[in-house]
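Trainee: Right, I'll just put the structure down here and ask away after.
What follows draws every value from the coordinates through simple rules; no lab data is involved. Keep in mind that what you see is a predicted model, and the values were worked out from it rather than measured. As a convention, Cβ positions derive from the backbone with ideal geometry for all residues, glycine included, and neighbour counts pool all protein chains shown.
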Amino acid sequence: MPASEETGSGPVVHDNRRIDPVTGQVRGRHVASQPAGTTGAGRPAGASGSAGSADAEPEAGEDDLKAAEAAVASAAAAVAEATEAVEAVEAADDVDEIIEGIVEDVIVADRQDAVADAEARLAERTADLQRLQAEYANYRKRVDRDRAAVREQAVATTLAGLLPVLDAIGQARDHGELSGGFKSVADSLQAALGRLGLVTYGEKGDPFDPKIHEALTSTYSPDVAEDTCVEILQPGYQVGDRILRPARVAVAEPATGPDGISNEAE
């Protein structure tokens, strides 16, 4: 122990207790107690220095109390901040859940919108395809019809140019001049024209039809009850429904009308 701390009465004892056992006040952090019954360097407790020491100790106790209160307030603030942090974390978890729910709702809504948009486009494309298919079908029908009409027109034009030849062959047959090689050629020509759709019509006794017959002569006959072709001057020719040339005929009309009056008198 240093010599400066020794007194005549014995060694110096330092009291580090924070609460003074005599006054009950809080001591300063660095204020040490004096030896029992002494002040200063071995002076008695009742000496002149005791009054100043007693005044200093309450001031030091108030400072420690304020420091303790500040520490308590700081600790309370820290606890409050920690509580707020915990609540913020919990709130953040709730917010994350809410955000996840909103994101899922948005994704579902976007998916539904995408599906609805795809279905609308599919319906539109299907309608376009059906319309194009109908237009193509009508186009094919029109082309086929036009093609058939063009073919029929071409065949009719060709056959119409051969009608004088057929008339000559018919006259030769009527006069018995169609024989030998000429007869074979005529038969082959008529067979070929028949395969092209040429039809010969007009027979004696057919009812007269102004749509397909051309009357060159007309007489009255008691032997007929309606206008009748009594003689075929030139046969008629047709291809399908097209009349290339009407049959030229002699027509016999009834001699009396429905009321029994003679038509010849008129």
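Trainee: Using a 7 Å offset from the Cα along the Cα-to-Cβ direction at both S179 and E214, what is the distance between the two label points in nm, to one decimal?
Mentor: For the pair S179/E214, the computed spacing is 3.3 nm.
Trainee: Where a ≥ b ≥ c are the square roots of the eigenvalues of the C-alpha gyration tensor, would you call segment 122-266 rounded, which needs a/c under 1.5, or, failing that, prolate if a/b is larger than b/c, or oblate?
Mentor: oblate
Trainee: Provide the FRET efficiency to the nearest 0.05 for the A160-D128 pair, computing r from the beta carbons and using R0 = 45 Å.
Mentor: 0.45
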